[in-house]
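These notes are about the structure you will find just below.
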Amino acid sequence: MKRFILALCCLLSPLLAQEKYPPMHRLTWEEYVGTLAFWKKSHPKVAVLESRALSGQNMPVYLLKITDPTVKNTDKQVCLVTTLHSGPERTGTTGAMAFAEWCLSDDPLAVETRKKQIVLIMPCVNPLAMFYTDRFRNEHGVDPYTGNGRVGKLWDVKSLSLIKPEDAPELAAVLSVIDEYKPEVHADLHGTGLQEYAPEQLGSRQMYHGQIMTEVTGAAYSNYALRPWDWRVTEAMIAAGKEAGFPSDRFEADAQRTFWGPELAPLGKKLWHGMPLFYSAHYSYAKYHTMVITQEVAWEQSLVARMKGLMKIGNEAWLDERRAGYPVNRMRHFVGHYVTAYGRNATELRASREELWNQQSDFALGFLYPQTVGRESLVVATTSAAKKMIVAKEFPEAVKKFIQSGPELKVAMEMPDEQLLAATADAKITHGIGFRVRLPYRAPTKLDVRLNGRALKPVAADGYESWFADGFTQVQVNVPPQKLAADGLYFITCAYEPDEKRPNGWMPPAEVQKASLTATADATPATFVDVPYGNHFRQTMDVWLAKSETPSPVVFYIHGGGWGAQDKTDIHQHLDVRAFLNAGISVASINYRFLADANAATKITPPLQWPLMDAARALQHLRSKAAEWHLDKTRIAASGVSAGGCSSLWLAMHDDMADAESADPIAHESTRLIATVTKAPQPSLDPKQLVEWIPNSEYGGHAFGYVGKTRKETFAPFLANREKHLADLREWSPMSHASADDPPAFIVIAKEDKPPVKGEVQTDPTHSAVLGLMLQDVLGPLGVKCEVRHPLDGLPETTMQELLMKELR
């Protein structure tokens, strides 16, 4: 009994499914041809039917042309609709038929479209496949959509030609239409059908009612290059479909995946699976800059709705244009600057577009950089002579004046001078040329638009146009055929007054600015910033030159931070640079390589040698510039805080490091100073000396390669292993170089909570006045002046600024 019931269910299931999803009528060849003939007869004024080729079994490949002949074609857009996968993907063809039916209707949008566009529809590109085989390929094994033949690709992409056109008459028919009309838009329709049915499953070759697919608009799953370059076109079509009740999948956006690329190949399973491939529809783009659109069709009325959205785009002005038509006229770009087609109507624009598109690769574009408020520019070279003129800066005098009047650094070109000079190709332009620049303001005033220095009038055909759209004031320069530049150089300049003031630059919170003395730094810009004195990115200095009739003395500042933090701009927190300049004293503040940089290198022991030797090299570099910068190299005083003070003392007490025998002229310069004025420095790095004077000392181990989370962690092993570092201490600890010829040392301690006494624990052992007393104890017997000032010394308060002024004046 169970077997009987099971068998009965197996028999009834297909019947029940068929009742719910009955077979759909299969369009026949006779019905297809009859419909086209009927439309031609019933709409003789607007519909033209012609055969463009014979497919397999001598079946014509038809083209249906729909337009209003009472309106001249001169200013009409051209939209081509094809079905390159017609055959098994039947809804592509039936969708095209439904769209043709709408185009012939009395719908107001259809009537408007016939007046403004020529709509070319090839409803069935591969009739043998559609009506007989239900396979993708034609009788010669060619797939018109991909261009694949029985063996490899039928396309020669470089020459944009078919290798054996006789094997693809259907595809040749499509190409003949493209070549004749040079459409602005090419929409290729795909859909569902019997493509996944094996031959033995085809049966009656009927689809069923309710057989659908996920509809997609704009591109193809397999090939993401088959899409409009402007995603807003796709979105407008999707919106039209949604308004009619039909949603669209958005490919990689809905899948939340990024595109594939050669370097991303190892991440293949995490990327969007489509690839940028050359399919037959790309022919129109490659040859005529046609915008290509691919669509998948489940419901014919959905396709009609989406195509109505596309037709509206062709009938109206695009988002940033003022003339109706599809957005297809930008031929070359460079960072928001464009070469455009020229034309007073669609026909002229089409001719210009074809001409420029196929030569634009030989153009060179550039503009004044950095871009500047109130000034916009675009330079385009279309000949080898023009490119050489750009390299030589051989511009018209009015252009030179414009360049000189602005703060820009250079004319930035999209290719280096070597390529410009090597160029040999000369574009042959006969149909005119256009240019587009955009001003980031709504209503700028006093527009002064010039071409090669010649003032242009606000005239569309031979001058410039301007209008606000898409957030910019668009400035379109049009050069008619009779005004083309003989030398191929086009330099557009546009001066203007912005209609609003917009602040530039983000500023840190007020509290941070106050701590960093940001306003002081901004008010005292350096004469030279980031002057390199070595190859490492940290080996730089900022220099402020005083105005002085005689060579000026110099403050040489070294920032603190334990040789591992802070920056040369730290100077403004400790010294008043402007006051020095007003007193005729120049200033230099240096960066140097950190201990971490030395630790990252090989065999740099101890790492302290890098920041100290950088200080010496920077001082020599500064002296080497004395004549050029009008400096008195005999009057240089070093200053610094904490580790910067230690570096200053090391320079001051070390013997002169000038090397007269060196092949490097900078090394000939002296490293001697006339004084040091430092704040809370470490005059010694010898751990034994430090603990004798301050029992809780903890500073210095990190400078000799010891690693730890705290200074204490690095100091303990440093002290324990001191005997291993005696040679290094003799070289790199400042006090080990003390001698009677050392310059005077002035030490300022800003904070001290008790009188400094040798041998007592200090609250801040690294920056205590006791360290200054230790230096006094060494320099005093040598007859070298060493003055230590701290809050508890009972003397009038002083600063590094005052002491430096006194020494250098």
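If you wrap a convex hull around the alpha carbons of the stretch 234-324, what volume per residue comes out, as a whole number of Å³?
In the stretch 234-324, the Cα hull volume divided by residue count equals 147 Å³.
With +1 on each Lys and Arg Cβ and -1 on each Asp and Glu Cβ, how big is the dipole of the chain about its Cα centre, in debye rounded to the nearest 20?
About 1880 debye.
What percentage of the solvent-accessible surface of the chain, computed with a 1.4 Å probe over protein heavy atoms, is contributed by carbon and sulfur atoms?
55 percent
Mind checking the per residue accessible area of the stretch 108-248 for me, 1.4 Å probe, whole number of Å²?
Result: 41 Å² of accessible area for each residue.
Quick check on the stretch 350-469: take the gyration tensor over C-alpha atoms, sort the square-rooted eigenvalues as a ≥ b ≥ c, and tell me if it's rounded (a/c under 1.5), prolate or oblate.
Note, shape of the stretch 350-469 comes out oblate.
Taking the Cα centre as origin and putting +1 on Lys and Arg beta-carbons and -1 on Asp and Glu beta-carbons, what dipole magnitude results for the stretch 262-404, to the nearest 20 debye?
Charge dipole, the stretch 262-404, about its Cα centre: 220 debye, nearest 20.
Using Stokes-Einstein with the Kirkwood hydrodynamic radius over Cα pairs, what translational diffusion coefficient do you get for the stretch 501-553 at 4 °C and a viscosity of 1.567 mPa s, in µm²/s rounded to a whole number?
92 µm²/s
List the extent of the Cα atoms of the stretch 649-718 along each of their three principal axes, largest first, rounded to whole Å.
For the stretch 649-718, the Cα extents along the three principal axes come out at 43, 25, 19 Å.
When the scattering of the stretch 226-284 is computed by the Debye formula from its Cα atoms alone, each counted once and equally, what is log10 I(q)/I(0) at q = 0.15, 0.21, 0.24, 0.26 Å⁻¹?
Rounded to two decimals, the profile gives -0.62, -0.97, -1.06, -1.10.
For the chain, report the translational diffusion coefficient in µm²/s to the nearest whole number, using Stokes-Einstein at 37 °C, 0.692 mPa s, and a Kirkwood Rh over Cα pairs.
97 µm²/s
Evaluate Rg over Rh across the stretch 154-279, taking Cα atoms for both radii and Kirkwood's formula for Rh.
Rounded to two decimals, Rg over Rh is 1.00.
Spelling out what I want: for every residue of the stretch 771-786, take phi, set θ = phi - 60°, compute 6.51 cos²θ - 1.76 cosθ + 1.60 (Karplus), and round to whole Hz; glycine and proline get x.
5, x, 5, 4, 5, 4, 5, 8, 6, x, x, 8, x, 9, 5, 9
What are the residues whose amide H is under 5 Å from the amide H of Leu80, where those residues sit 5 or more places off or on another chain and H is modelled from the backbone?
Here Leu120, Val185, His186, Ala187 satisfy the definition.
What GluC sites (Glu not before Pro) in the stretch 222-272 are in a loop by DSSP, with at most 13 other Cβ atoms within 10 Å of the Cβ?
none
Rule-of-thumb check for the stretch 680-771: C-alpha Rg over 2.2 N^0.38 Å?
Relative to the rule-of-thumb radius for its length, the stretch 680-771 sits at 1.10.
How high is the relative contact order of the chain, in percent, counting Cα pairs under 8 Å that sit 6 or more residues apart?
Contact order relative to length: 7 percent.
Are there trypsin sites (Lys or Arg not before Pro) in the stretch 597-652 that DSSP marks as loop and that have at most 14 other Cβ atoms within 10 Å, and which are they?
Of the trypsin sites (Lys or Arg not before Pro), the ones in loops of the stretch 597-652 whose Cβ has at most 14 other Cβ atoms within 10 Å are Lys603.
So with the 1.4 Å probe, I'd like the accessible area per residue for the stretch 643-739, rounded to whole Å².
Per-residue accessible area for the stretch 643-739 comes out at 41 Å².
Which loop-located trypsin sites (Lys or Arg not before Pro) does the stretch 403-477 contain, where loop means any DSSP state but H, G, I, E or B and the Cβ has at most 12 other Cβ atoms within 10 Å?
Sparse-neighbourhood loop trypsin sites (Lys or Arg not before Pro): Lys428, Arg442.
Placing +1 on the Cβ of each Lys and Arg and -1 on the Cβ of each Asp and Glu in the chain, which of Val119, Asn721, Gln776 has its Cα farthest towards the positive end of the resulting dipole?
It is Val119, whose Cα lies furthest towards the positive end.
How many percent of DSSP beta bridges within the stretch 540-638 run antiparallel, rounded to 5?
Beta bridges within the stretch 540-638, antiparallel portion: roughly 30 percent.
Once the cut-off is 29 Å, how many percent of the Cα-Cα pairs in the stretch 12-164 end up in the long-distance tail?
Of all Cα-Cα distances in the stretch 12-164, 30 percent exceed 29 Å.
Give me the Debye-computed log₁₀ of I(q)/I(0) at q = 0.12, 0.15, 0.21 Å⁻¹ for the stretch 318-416, equal point scatterers on Cα only, no solvent, two decimals.
Normalising to I(0) and taking log10 leaves -0.48, -0.72, -1.11.
Within a Cβ distance under 11 Å of Arg205, other residues only, what is the Lys/Arg minus Asp/Glu net charge?
Neighbourhood net charge equals +1.
Pairing the Cα long axis of helix 2-20 with the longest principal axis of the chain, what angle in degrees results, from 0 to 90 and rounded to the nearest 10?
In the chain, helix 2-20 runs at an angle near 90 degrees to the longest axis.
If you line up the long axis of helix 169-181 against the longest principal axis of the chain, both from Cα atoms, how many degrees apart are they, to the nearest 10?
70 degrees
Any idea what angle helix 90-103 forms with the longest principal axis of the chain, computed on alpha-carbon atoms, 0 to 90 degrees, nearest 10?
Between the helix axis and the principal axis of the chain, the angle is about 80 degrees.
In debye to the nearest 20, how big a dipole does the stretch 534-662 give about its Cα centre with +1 on each Lys and Arg Cβ and -1 on each Asp and Glu Cβ?
So the dipole magnitude of the stretch 534-662 works out to roughly 160 debye.
Determine the calculated [θ] at 222 nm for the chain from helices alone, applying -39500 (n - 2.57) to every DSSP H run no shorter than 4 residues and normalising by the residue count; nearest 500 deg cm²/dmol.
Using -39500 (n - 2.57) per qualifying helix, the result is -9000 deg cm²/dmol.
Over the Cα atoms of the stretch 436-494, what Rg and Dmax result, in angstrom?
Spelled out, the Cα radius of gyration and Dmax of the stretch 436-494 are 11.8, 35 Å.
Express the C-alpha Rg of the stretch 280-341 as a ratio against the empirical globular expectation 2.2 N^0.38 Å, rounded to two decimals.
Output field value: 1.35.
Would you be so kind as to identify which of Val177, Ser51, Ala579 lies farthest towards the positive end of the dipole of the chain, taking Lys and Arg as +1 and Asp and Glu as -1 on Cβ and the Cα centre as origin?
It is Ser51.
Amide H of Tyr557: which non-local residues (sequence gap of 5 or more, or other chain) have their own amide H closer than 5 Å, using H built in the peptide plane?
Those qualifying (amide H under 5 Å, at least 5 residues apart or on another chain) are Ala588, Ser589, Ile590, Ser639.
Note the per residue figure in Å³ for the convex hull of the C-alpha positions in the stretch 537-612.
Normalising the Cα hull of the stretch 537-612 by residue number yields 89 Å³.
What net charge is computed for the residues neighbouring Pro169, neighbours being all others with C-beta under 10 Å from the C-beta of Pro169, Lys and Arg scored +1, Asp and Glu -1?
That works out to -3.
HN-Hα J couplings of the stretch 150-167 from phi, Karplus 6.51/-1.76/1.60, θ = phi - 60°, integer Hz, Gly and Pro as x?
5, 10, x, 7, 7, 8, 9, 5, 4, 9, 6, 9, 8, 5, 10, x, 5, 8
Across 5 Å bins from the origin, how do the percents of Cα pairs in the stretch 487-577 run, short distances first?
2, 9, 14, 17, 15, 11, 8, 8, 7, 5, 2, 1, 0
In whole Hz, what ³J(HN,Hα) sequence does the stretch 633-638 give by Karplus (6.51, -1.76, 1.60; θ = phi - 60°), x for Gly and Pro?
Each residue of the stretch 633-638 in turn: 5, 8, 10, 10, 10, 9 Hz.
The values are calculated or read from the model by the stated rules, or taken from the named source; none is laboratory data. Keep in mind that this is a model prediction, so the values were computed, not measured. When we count neighbours, we look across all protein chains shown, and the Cβ atoms used for this are built from the backbone with ideal geometry, even at glycine. Calculation scope for accessible area: heavy atoms of the full protein, side chains included, ligands and nucleic acids excluded. Shrake-Rupley method; radii C 1.70, N 1.55, O 1.52, S 1.80 Å.
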